[in-house]
Structure formats: structure tokens, C-alpha cells
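See below for the structure under consideration.
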Amino acid sequence: MENYKPKKKKNLEMNFTVKGLCTFLFILLCGVSVMAQSGNTVSGVVADANGELLPGVSVLEKGTTNGVVTDLDGQFTIRVTSNEAVLSFSFIGMKTQEVRVGSQTNMNIELESDTKSLDEVVVIGYGTQKRKEITSSVATVGVEDFNQGGVRSPMDLIQGKVAGLSITRTQGNNPNSSAAIQLRGVTSLTGNLEPLIVIDGIPGGNLDLLQQDDIESFDVLKDGSAAAIYGTRGNNGVILITTKKGRSGDARFEYSNYFQREVIDNKPRFLTASEYRDLIAQGRIGEVNDLGSSTDLYEELINRNNLSQYHNFAASGGSANTNYRVSLYVNDAEGIAKENTRRQIGGRVNINHRGLQDRLLLQTNVASNFNHANFLGGGGGDFEQAIQRNPTAPIFHPDGSFVETEAFNNYNPLSRFANRISERNQHTFSVDGKLTLEILEGLNLSAFGAHQRNTWNDRLYRSMEDFDQRPNAQYQGTGYASKSNYLAWNNTFESTIDYKRVFNRDHRLDLIGGYSYQYFTEESFNVNNSGFTTDAFLDWNLGAGSAINNTLLPRPGMGSSKQDNTLIAFFGRASYAYKDKYFAQLILRREGSSRFGANNKWGNFPAVSAGWTISEESFIQNIEQINNLKLRVGYGVTGNQGIPNYQSLVTLSTGGVYPQQGVYYQTYGPARNPNPDLRWERKQEWNFGLDFSLFNDRLSGSLDVYNRETVDLLHNYTAQQPPFVRNQIYTNVGSINNRGVELFLSGVIMDKQDFSWSMDFAGNSQFNELTSLSNEVYTVSWLEFGSLPSPGNLGPAIRLEEGGAVGNFFGKRFAGFTEDGKWLFHKADGTVGPASELSEQDLTIIGNGVPNYMASWSNNFRYRNFDLTLFFRGKFAFDILNTQELYFGNQAWLPNNLLHSAITKHAELNDNPQYSDYYLERGDFVKLDNVTLGYRFNIVSNYIRNLRVYVTGRNLLTFTGYSGLDPELQDTGFTTGIDSRGFYPRTNSYTVGLNVGF
């Protein structure tokens with residue numbers, strides 16, 4: 001089981017400050033009065049079990065706000081109210097200890113290590129288990145192990161932390177882009193590929209409702225025996241996210257913030273105006289192309305003054321019967337590009353209440369997020385213009401109007417920024433409640449209900465001044481407006497009954513049974529019009545556009561839709577433990593979905609797993625180097641219902657209009673063929689695991705080996721006509737295999753009084769094969785992905801066929817150039833020739849864009865009150881198709897501008913672009929992905945409990961042989977390893993942050 005780190009000491013977090021922040025803190029602290037107290041004075045020293053003194057231990061008089069922190073020598077002095085006072089000693093990574101003062105005036109306190117112990121509770125779906133009882137592959141990442149600094153997505157917190165989990169931001173740090181997530185490879189051709197997200201028990205939780213300071217932990221159910229409890233949505237694994245909850249005690253306040261600046265990591269090397277003029281002087285392009293200026297459009301698109309900021313304020317407290325946690329936040333994210341922002345405000349409330357003599361527990365959560373996104377500058381196409389636009393062309397005419405160039409595919413991005421609106425206003429909301437009743441000791445009944453709602457309004461307006469290259473010239477000089485609305489909501493109800501019992505001290509049984517119901521619906525509406533002769537109304541008076549009143553193209557457009565689906569399930573799990581040595585677990589989920597055919601509405605998803613703690617056996621117990629050693633084996637069947645609605649049914653679609661006596665009537669016909677046999681895609685997975693802790697718990701970790709076969713893959717196949725009405729049918733045919741090895745290691749290298757050093761390593765291999773694509777009824781030779789953009793009919797870059805791997809590049813093999821710079825390629829018969837002479841038989845697999853190996857290495861250092869984190873991450877054994885070089889590294893692109901490599905690296909080339917292995921490069925890389933330096937202040941105050949400041953740098957260094965901007969590309973799904981020609985900048989991020997508790 002991954003991320004098993006028993007007894008590893010997590011020393012007090014420490015941070016680094018900056019001059020300005022120190023000044024602010026000095027003024028703040030000077031204003032804090034330390035209240036005089038009466039009573040006895042108690043002094044002492046705090047150490048760990050090895051006698052190492054512990055600085056920064058919190059010493060609190062229980063039931064009061066009176067507290068101090070041990071100094072660098074582990075010593076403390078505190079004045080308590082009376083001899084009856086109880087002191088509480090707490091420290092990160094140690095068990096909290098309470099001691100009654102009595103007549104003592106001097107104390108020697110020894111704290112016991114507790115972090116990641118075998119008794120730690122792990123969330124496993126519809127319940128929890130002690131870590132030592134886990135029999136499946138489950139990885140846990142707690143708040144102390146999160147990636148530090150500012151993040152764009154909650155998933156960034158665990159990027160690289162879980163072996164086998166790929167989290168990639170395919171558009172860099174664009175604030176309006178999302179993270180691509182995939183666990184243990186591809187499991188579907190047309191269905192959902194991302195793990196199921198469960199937030200506080202809500203399956204399908206919305207990540208927009210999460211902020212980094214509100215999350216307590218991530219638990220990743222990786223194999224089938226763990227994910228089967230979620231049945232039809234467990235094929236891609238499950239990520240359980242637990243948010244921070246209220247706790248009893250005096251009111252506590254926490255404030256966190258950060259300020260973040262983005263800086264370009266790697267700028268493309270394109271021809272400057274002077275280099276472009278050199279080509280004019282050489283006669284390669286005509287003098288008419290010298291437009292008299294020297295412009296760096298790339299720099300014009302960069303927001304050098306970007307500054308993102310984040311503020312989160314949380315309050316918690318309450319009594320033993322009722323407690324709460326409330327948080328409010330502002331998250332203002334600015335991208336490296338101009339007109340590229342996302343501004344969020346929101347909050348989260350948690351309330352827990354006990355009654356009926358502690359037999360009834362009510363838990364409720366409410367979360368809301370309002371955000372406004374500016375999409376104008378978020379597209380890579382603007383930066384593509386910066387590469388190809390004539391660098392001698394000015395941005396503005398002397399009269400201040402924008403200059404447009406007439407070359408192929410050219411436009412002025414700054415003109416679009418000035419004359420367009422493209423934005424989204426979005427509101428996301430979630431509320432849930434859970435009642436748990438203890439009927440008898442060990443027997444609990446619960447009911448859980450939740451409602452989620454996500455709605456947005458998109459605006460697009462193009463001004464009368466906007467330059468638009470539409471072919472309908474009659475609409476030049478008029479405005480265009482579009483609006484669209486979207487609403488999605490779902491209701492969840494789940495009820496469970498669980499029973500826990502210990503028999504004869506050696507036998508422990510945990511049973512749970514439940515019922516689940518979810519209903520999903522979504523609605524959309526869009527309308528557009530053009531022909532606006534004034535910009536006064538923008539998009540708020542769509543009827544004012546003249547296109548609605550005439551027959552000129554383009555005609556106004558409108559559309560609307562609504563769809564829904566229902567999911568119902570019955571499930572059960574039985575867990576058994578004998579002498580804390582032998583463990584077994586059985587799961588069965590029976591689930592029905594409205595998405596599937598009448599003959600296959602319901603499916604069964606079983607799982608079985610077992611564990612053996614070998615270190616409890618007598619023949620191991622005497623080996624002092626082994627602290628814990630456990631074998632695990634599991635088998636589980638899961639499903640995938642993440643497909644479009646109504647695929648098994650005949651639905652109507654519009655056809656052409658039919659004239660009747662001067663009136664035009666819309667016609668309708670079937671949109672698809674019915675398929676009453678449409679059924680689940682099913683994944684059958686074996687997992688073998690080993691958990692270990694060695695050398696007095698200084699080295700711990702886990703090793704997992706898995707093999708998963710996904711069958712009944714869904715895809716569109718050619719249908720015979722007749723009897724079918726349409727020529728395509730969506731049906732189950734194919735299968736795909738994924739296999740790999742995952743390793744997690746955690747080690748304490750050094751742990752002294754003033755200095756400690758610990759490290760974690762996570763690595764995995766992944767291999768896949770499409771084992772079948774056809775059967776005796778439905779056949780297809782191959783599937784193609786990754787269509788390359790114009791100009792040129794270059795075709796798809798990736799081919800998937802039976803017996804082949806996901807991500808295979810399929811194309812021509814480069815054989816050189818002719819004397820006049822024309823392409824030559826290898827042929828199947830051993831000869832070479834131009835592209836015009838090649839046939840299908842001459843094409844072959846030329847590379848693969850899916851990394852076979854991923855690894856991360858985290859180092860955590862502590863020196864007194866300072867802490868330092870160095871986090872490295874890498875991917876290996878994969879290829880990248882450099883389309884930036886394919887198009888802009890070719891002089892055939894003239895008179896558009898070029899990359900500098902076109903006249904250096906590719907100077908010999910004098911032909912139109914051709915897709916081949918000439919443009920494939922090795923993508924292996926290692927990144928210094930996160931460096932965080934922090935300092936925690938030792939503050940003795942009645943008001944401030946803790947204060948930490950830090951600085952973080954992310955994506956600081958990249959070690960790679962790849963010549964493009966960034967080798968970290970999309971490696972999820974089927975379109976992998978293709979570096980698009982959009983050139984949206986990848987950035988280094990620099991963050992200064994503060995965490996303070998009151």
C-alpha cells in the first residue's frame with residue numbers, strides 16, 4: 001500500500017521571510033500584548049524517544065488560550081492558573097500528551113512518534129480502515145506532503161506524489177485550463193478516462209469547489225479490488241478527497257495567503273526583423289514584405305506585470321456536541337498572457353452535531369464558488385501569430401488603428417483583444433448532509449443526501465472595428481454577438497448500514513451494505529446574431545442585429561438541449577481480520593444505469609482481496625531489521641458508464657426543410673440505430689502488493705504489480721443497411737490490456753536535534769496493448785488520432801490497431817534530401833523515394849508518445865526553524881512530434897515568419913511540410929519542479945498560535961534533450977506526445993506566502 005510511512009517524524013514546518021514581510025510582522029507583533037497571568041510558573045524540556053530535544057513544541061494550558069512554544073533547546077516556561085491545570089504538548093509527527101501540573105515546577109516530557117502509523121485511518125469509500133488492515137492498492141497523501149506554493153488546480157497538490165497517477169497541465173499555468181488526470185493507463189476508446197472524484201462522499205464532486213487550504217487528504221483507490229465499491233465508475237480508479245472539518249475546542253482562526261508571479265521559462269527562437277530583412281536581401285522573399293518596423297509580437301502578448309494572489313480565512317471550534325469550520329477565500333489568478341485571468345470568490349462551511357447521548361451524528365457541508373474567466377488571451381493561436389507574423393509589420397497605423405497583414409492565416413491578436421469580449425461567469429454550488437444513528441453498539445445506520453449545481457453564462461462579442469476573415473464580405477464592418485448558458489445539476493441519496501464486531505479478541509469483522517441513487521441532468525442554450533451597426537449594445541440586444549431580418553449569410557443561429565441519466569446501485573463489503581495478521585475483504589456492487597440497453601441495464605461488480613502480515617509470524621519477528629512486512633493480493637471487476645446519454649436508443653434529429661405551399665416545414669429522422677444489447681465496459685484487474693518498513697522504520701514503502709484487462713470496449717462501427725437505418729452503430733467489441741509496476745519509498749536519512757533530512761520516491765512503469773478491435777460481426781482495421789493542422793494534407797499522426805500500443809506514431813521514415821532539398825523516404829522494399837511514390841505498405845510505426853516510466857523524488861530538510869523542500873519529477877522513454885518545427889522550421893512557410901531553425905538546422909530543406917520521423921524527438925525529461933524555503937517564528941503570545949512564511953519556485957529547471965518549449969505534454973488518452981504549434985508560454989512560478997494561526 002503506497003505512501004506507508006510509519007513513525008516518520010514530521011518536524012515543525014519552517015519558512016523563509018523577505019524584508020518587507022518581516023517589517024510588517026514586526027509591527028504586528030509589537031502590537032500584541034502578552035497578558036499577565038497569576039498562578040504557578042512551570043519550566044521544563046521536551047524531547048523525543050531518542051532523547052533529541054524538540055524545538056517548536058506547542059505547550060498549551062488545556063481549556064484556555066494560555067500557551068507557549070519550546071525554544072531551540074526544547075525548553076519552555078509557562079505560568080499556569082493553578083495546580084489543577086493540565087498542560088497539553090503537541091508537535092507535528094508526535095502523539096499529543098497531556099500532563100497534570102500538580103506540585104511540579106520542572107517537567108521532562110518525552111513525546112512518542114505517531115505520523116503514518118499502522119493505526120492511521122485510511123478512507124476507502126463508504127467507510128474507513130486502519131492502514132494495517134488494507135488489502136488493496138491505496139495511496140494516501142496528507143496535507144503535510146502536498147506540493148507547496150500556489151496551485152491552479154487542487155490536483156496540482158499531489159502531482160508526482162502517487163506512483164501511476166499522471167497529472168499534467170497541458171496548457172502550462174494557464175489559469176483557465178484544467179489538469180489532465182489518468183491512473184494506470186487508458187481503459188476506454190470512447191468512454192471517460194479520468195478517475196472518479198469523490199469529495200466528502202459525493203461521487204462526481206466538482207474540483208472548482210476546492211481550495212488548497214480546505215483539503216485534508218487525498219486517498220487514491222488504484223486497483224480493481226479497491227475501486228469495485230464504486231462499480232460502474234471505478235474503471236479509471238477513484239480519488240477520495242476529504243476536506244478539513246470542525247473540531248471541538250476554543251475558537252481557532254487560520255489565515256493563509258500567497259502572491260505569485262509568472263515568468264517565461266523558454267521563449268521560442270524566431271527570426272527577428274533584421275534576420276527577416278536578411279532573407280529579403282538574399283532574394284528569398286520580395287522587398288514588398290519589408291513593412292518598415294521592427295516588432296516582437298510575442299513580447300507584446302506577454303503580461304510581464306502579472307500578479308496572482310490568494311487569501312483564505314478559516315474559523316473553527318465548538319463543543320464536544322457541536323463544532324464547525326467555516327472558510328472564505330479570494331483567488332485572483334493572472335496568466336502570463338494578456339487578457340487571460342480567472343477570479344474566484346467562495347467559501348465552505350462544515351457543521352457537526354451530536355445528540356441522543358452521542359448516538360446520533362449530523363454532518364453537513366455547504367460549498368460555493370463564483371468565478372469570472374477572461375478567455376481572450378488564453379488561446380495558443382495568438383502566440384502562433386507571434387511566430388509567423390511578419391516581424392517588420394507594425395502593430396498600429398499612424399492613426400492608431402491596428403495593422404493587419406495579408407499573408408496566409410494572419411491576424412493581429414492585439415486587435416482582437418481590443419475589439420472582442422470572450423468571458424464566462426460561473427457559479428458552482430454543493431450542499432450535503434449525513435445522519436448517522438448508532439442503533440446498537442457496533443451497529444450504525446446512515447443516510448446521506450447531496451445536491452450539486454454548476455451553471456455558467458458565456459459571452460462573445462466582436463466589435464464593428466474587429467477584423468474578421470470570414471468569406472462573407474457583406475458583414476465586414478458590422479458586429480457579431482453570441483451568448484450561451486449551461487446548467488448541470490445532480491442529486492445523490494445513499495443509505496448504508498454497517499456492523500463492527502470483535503469476537504474472542506482475535507477475530508474482527510466489519511460489514512457494510514448500502515443503496516445508492518444519483519440523478520444527473522444538464523441543459524444548454526445558445527444564440528448568435530450579426531449585422532450590428534453599433535457597438536452600444538454589445539451582446540445585450542441580440543435582436544438589433546440586421547442578419548435576423550434578411551437572407552444574407554451568415555444567418556443567425558440558435559440551439560438548445562437537455563439530457564439526463566439515472567444511476568442506481570446496491571453494494572456490500574465484508575472485511576475480516578484474524579490476530580491482526582491475516583486479512584480478507586469481499587465486495588459486491590450491483591448497479592443499473594439508464595445509459596445502457598434494455599437487455600443490459602444492470603451489471604455486477606465483485607472484488608476479493610487478502611493480506612498477510614508476515615512480520616507477525618514467529619520466523620520473522622526475530623529479524624530486528626524488519627519492522628513490518630505485509631503481502632497483498634486483490635482481484636476486482638469495475639465498469640465504465642462515462643459515455644454519452646441515449647446511445648442505446650433511437651433519437652430524433654433534424655433533416656432538411658420541406659416546402660409546402662410556400663411554407664417550409666422541418667423534417668425529422670432517426671439520429672442513431674438502437675442497440676438494446678449495449679452494455680458496460682468492464683475492467684478485470686489483478687494486483688499484487690508488498691508493504692514494508694525496515695531498519696527501525698527509517699525505510700518504508702510499497703511495491704505493486706498489476707495487470708488489467710478491459711473488455712467490451714465501446715466504439716462506433718459500420719452497420720449493414722438494411723436492416724439498420726443508419727450506417728453506424730455504437731456497440732461493444734474491443735479489449736485493451738494495461739500492466740505495470742509501482743514503487744513507493746520513504747526514508748529518514750538523518751534526524752538530529754537541529755537538522756533532519758527525509759526523502760520520498762515514487763516511480764512506476766506502464767505498458768499497454770490493444771488486444772482486440774474487431775469481432776466476427778463488426779470490424780475495423782485501425783483507429784486514427786492526432787490530426788495535424790493545415791496547410792498540407794498531412795493526415796493523422798497516431799494509429800491504434802490490434803496488437804499495437806496506445807500512442808504509436810504511424811508514418812513515413814525519413815531517408816534524406818535530394819540535392820535540391822526535396823524529401824526522400826524509406827520504402828518497404830528497401831529503396832527510397834519521394835512522398836508521391838509511397839503507398840500504405842511503406843508506412844510503419846515510427847515512435848510512441850506515451851511515457852513508459854514516471855518518477856518523482858522529494859527531499860525535505862529541516863535546520864532549526866528553517867525548512868527546505870526540493871522536489872524533482874520526470875518522465876522517460878517516449879517520443880514527441882515537434883509540429884512547431886514541422887511547420888515553422890520550414891522555409892516553405894515564407895513570406896510568413898519562421899523559427900530560426902528553418903535557416904540553420906533545416907537549411908537543406910526546400911520542400912513542403914511532410915510528417916515523418918524526421919520531426920520525432922526523444923521526450924525524456926527531469927524537472928526541478930518545486931523548491932520551497934520556509935521559516936516558522938517562535939512566538940509567545942496569547943493571540944498568535946503559529947506564524948510561518950515561505951517562498952516557493954515551481955518548474956524552475958528542466959533537463960531534457962527536447963528542442964521545443966517544454967517536453968511535458970499531454971500523455972493521457974490517445975492524442976499523446978504531439979507538441980502543438982500554439983506556443984502558449986510555459987512558465988516558472990515564484991510565490992511568497994504566509995500561514996498564521998490565531
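One residue is enough: does region 273-290 have a residue meeting the conditions touching a strand residue (DSSP E or B) at 6+ places or on another chain (Cβ under 8 Å) and outside the structural domain of residue 211 (by TED's automatic domain parsing)? Checked region 273-290: no residue is touching a strand residue (DSSP E or B) at 6+ places or on another chain (Cβ under 8 Å) and outside the structural domain of residue 211 (by TED's automatic domain parsing). Can you tell me which residues in region 281-329 are of a type outside the set (Phe, Trp, Tyr), closer than 30 Å to residue 172 by Cβ and surrounded by fewer than 19 Cβ atoms within 10 Å (Cβ to Cβ)? Correct list: 293, 294, 296, 299, 300, 303, 304, 305, 307, 309, 311, 328.
Here is the figure for region 928-961: residues that are among the aromatic types (Phe, Trp, Tyr), outside any strand (DSSP E or B) and either within 27 Å of residue 872 (Cα to Cα) or in contact with a helix residue (DSSP H, G or I) (Cβ under 8 Å, 6 or more places away or on another chain) (or both) total 1.
Look through region 561-578, keep the residues that are in contact with a Ser or Thr (Cβ under 9 Å, 6 or more places away or on another chain) and either under 30 Å from residue 132 (Cα atoms) or among the hydroxyl-bearing types (Ser, Thr, Tyr) (or both), and return whichever of them is surrounded by the fewest Cβ atoms within 10 Å (Cβ to Cβ). Here the residue is 561. So which residues in region 160-170 are of a type outside the set (Gly, Ala, Ser) and buried (at least 23 other Cβ atoms within 10 Å of the Cβ)? Passing the criteria: 161, 162, 165. Which of the residues spanning region 384-402 are touching a residue at least 60 places away in the same chain (Cβ under 8 Å) and under 18 Å from residue 288 (Cα atoms)? Within region 384-402, 388, 389, 390, 391, 392, 393, 394, 395 meet the criteria. Considering region 734-747, the residues that are modelled with pLDDT of 95 or more and closer than 23 Å to residue 781 by Cα include one that is farthest from the chain's Cα centre (by Cα), namely 735. Just so you know, in region 654-685 the residues that are under 36 Å from the mean Cα position of the chain (by Cα) and not in a loop (DSSP other than H, G, I, E, B) include one that is surrounded by the fewest Cβ atoms within 10 Å (Cβ to Cβ), and it is 684. I'd like to know if region 339-352 contains one or more residues that are of a type in the set (Gly, Ala, Ser) and touching a residue at least 60 places away in the same chain (Cβ under 8 Å). Yes, region 339-352 contains at least one residue that is of a type in the set (Gly, Ala, Ser) and touching a residue at least 60 places away in the same chain (Cβ under 8 Å).
I'd like to check which strands (runs of 3 or more DSSP E) are fully inside region 748-827 and have at least 2 residues that are of a type in the set (A, V, I, L, M) and in contact (Cβ under 8 Å) with a residue 40 or more places away in the chain.
On the way: elements: 755-772, 783-787, 796-800, 808-811, 814-817, 823-826.
Here the list reads 755-772, 796-800.
Are any of the residues in region 330-338 assigned to a helix (DSSP H, G or I), of a type in the set (Asp, Glu) and crowded, with 21+ Cβ neighbours inside 10 Å? Within region 330-338, none of the residues are assigned to a helix (DSSP H, G or I), of a type in the set (Asp, Glu) and crowded, with 21+ Cβ neighbours inside 10 Å. Working only within region 713-747, note down all residues that are free of Cβ contacts under 8 Å to residues at least 40 places away in the same chain and of a type in the set (Val, Ile, Thr). Answer for region 713-747, where residues must be free of Cβ contacts under 8 Å to residues at least 40 places away in the same chain and of a type in the set (Val, Ile, Thr): just 741.
Is it the case that region 280-302 has a residue that's assigned to a loop (DSSP other than H, G, I, E, B) and free of Cβ contacts under 8 Å to residues at least 60 places away in the same chain? Yes, region 280-302 has at least one match. Sort through 184, 131, 169 and tell me the only one that's touching a strand residue (DSSP E or B) at 6+ places or on another chain (Cβ under 9 Å), closer than 30 Å to residue 592 by Cβ and of a type in the set (Lys, Arg). Only one candidate qualifies: 184.
Residues in region 53-78 that are of a type in the set (A, V, I, L, M), part of a strand (DSSP E or B) and crowded, with 19+ Cβ neighbours inside 10 Å: 59, 60, 68, 69, 78. Residues that are part of a strand (DSSP E or B), at positive phi and not aliphatic (A, V, I, L, M) do not occur anywhere in region 977-984.
Residues to consider are 177, 137, 188; find the one that is small (Gly, Ala, Ser) and either free of Cβ contacts under 8 Å to residues at least 12 places away in the same chain or crowded, with 23+ Cβ neighbours inside 10 Å (or both).
137
Table: residues versus (1) surrounded by fewer than 17 Cβ atoms within 10 Å (Cβ to Cβ); (2) under 30 Å from residue 632 (Cα atoms); (3) of a type in the set (Gly, Ala, Ser).
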| residue | (1), (2), (3) |
| --- | --- |
| 698 | no, yes, no |
| 706 | no, yes, no |
| 711 | no, yes, no |
| 720 | yes, no, no |
| 736 | no, yes, no |
| 742 | no, yes, no |
| 751 | no, no, no |
| 755 | yes, no, no |
| 760 | no, yes, no |
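The combined condition, being outside the structural domain of residue 903 (by TED's automatic domain parsing), polar (S, T, N, Q) and over 19 Å from residue 388 (Cα atoms), is fulfilled by residue 319.
How many of the residues making up region 945-973 are crowded, with 20+ Cβ neighbours inside 10 Å and aromatic (Phe, Trp, Tyr)? Going through region 945-973 one residue at a time, the tally reaches 1.
Among 143, 121, which is the only one that is within 30 Å of residue 586 (Cβ to Cβ), surrounded by fewer than 17 Cβ atoms within 10 Å (Cβ to Cβ) and not basic (Lys, Arg)? Being within 30 Å of residue 586 (Cβ to Cβ), surrounded by fewer than 17 Cβ atoms within 10 Å (Cβ to Cβ) and not basic (Lys, Arg) holds for just one of 143, 121, which is 121.
Rundown of residues vs (1) modelled with pLDDT of 95 or more; (2) at positive phi; (3) among the charged types (D, E, K, R); (4) assigned to a strand (DSSP E or B), yes/no style:
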| position | (1), (2), (3), (4) |
| --- | --- |
| 310 | yes, no, no, yes |
| 323 | no, no, no, yes |
| 328 | yes, no, no, yes |
| 345 | yes, no, no, yes |
| 351 | yes, no, no, yes |
| 367 | yes, no, no, yes |
| 381 | no, no, no, no |
| 387 | no, no, no, no |
| 407 | no, no, no, no |
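Contact map, region 358-374: residues that are in contact (Cβ under 8 Å) with a residue 12 or more places away in the chain paired with residues that are part of a loop (DSSP other than H, G, I, E, B), Cβ distance under 6 Å, separation 6+ or inter-chain. Pairs shown: 365/200; 373/176; 374/339.
Quick test for you: out of 420, 424, 453, pick the one residue that is under 28 Å from residue 293 (Cα atoms), outside the structural domain of residue 128 (by TED's automatic domain parsing) and among the basic types (Lys, Arg).
The conditions single out 420.
Sub-7 Å Cβ pairs linking a first residue in region 94-105 that is within 19 Å of residue 53 (Cβ to Cβ) and without any contact (Cβ under 8 Å) to a residue 12 or more places away in the chain to a second residue that is surrounded by 12 or more Cβ atoms within 10 Å (Cβ to Cβ) and among the aromatic types (Phe, Trp, Tyr), at least 6 apart or interchain, are 96/89, ordered by first then second residue.
Scanning region 891-917 for residues that are closer than 20 Å to residue 277 by Cβ, assigned to a loop (DSSP other than H, G, I, E, B) and among the polar types (S, T, N, Q) returns 896, 897, 904.
The values are calculated or read from the model by the stated rules, or taken from the named source; none is laboratory data. Since the model is a prediction, treat every value here as computed from it, not as a measurement. We place every Cβ from the backbone using ideal geometry, glycine too, and count neighbours over all the protein chains shown.
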